[in-house]
Amino acid sequence: MTTRRVVLGSCAVVVHLFLIAQLLYGFDAKQLEQFRKTNKCQKCDLSNAKLANLDLSYADLSSANLTGADLSAATLYSANLSGAVLVNANLTNANLYDANLSKADLKGASVAGANLHNAIWPNGKPCKMGSVGSCKQ
């Protein structure tokens, strides 16, 4: 009986460690892999994903959870981020030219140095030319 308890206890520890790792890691690895293959990830969880310096032009990330994601210096030209959750995301120096951010949640997100020319802001209005680091409307 003690061997069985040790095995069951070990299994419980492994399951708990897996669950804790998922919470700390954030995103779903399968969804990230699918996104990398298809450039589409609607309503998926990419929270805390490291996507810095990637070319994500024309990506469909509508309604995706990108909380805490690192998108610094990423190219998001004409990307669909409508309804995306970008709370505390790092968009520093990202290229969001023509990106759709309508109804996106940008609370705490950093857009310092980001190119927002002609991006559709969460309020549904386009950013004017010269919008770098903030949306001029």
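List of remarks:
- The residues listed here are ASN88, ASN123; of these, the one that is within 23 Å of GLU33 (Cα to Cα) and among the polar types (S, T, N, Q) is ASN88.
- Flag if SER102 is surrounded by fewer than 20 Cβ atoms within 10 Å (Cβ to Cβ), in contact with a Pro (Cβ under 8 Å, 6 or more places away or on another chain) and over 24 Å from GLU33 (Cβ atoms): yes
- Listed by first and then second residue, the pairs linking a residue in region 96-123 that is closer than 10 Å to LEU81 by Cα to a residue that is of a type in the set (Lys, Arg) and modelled with pLDDT of 95 or more, with Cβ atoms under 8 Å apart and 6 or more places separating them unless they lie on different chains, are PRO122/LYS103.
- Under the condition of being among the hydrophobic types (A, V, I, L, M, F, W, C), more than 20 Å from LYS128 (Cα to Cα) and crowded, with 19+ Cβ neighbours inside 10 Å, the residues counted in region 46-99 number 15.
- Residues that are assigned to a loop (DSSP other than H, G, I, E, B), under 8 Å from the mean Cα position of the chain (by Cα) and among the β-branched types (Val, Ile, Thr) within region 39-90 comprise just one, THR67.
The values are calculated or read from the model by the stated rules, or taken from the named source; none is laboratory data. The model shown is predicted, which means the values in this text are computed figures rather than measured ones. Every residue, glycine as well, gets a Cβ built from its backbone with ideal geometry; the counts of neighbours run over all protein chains shown.
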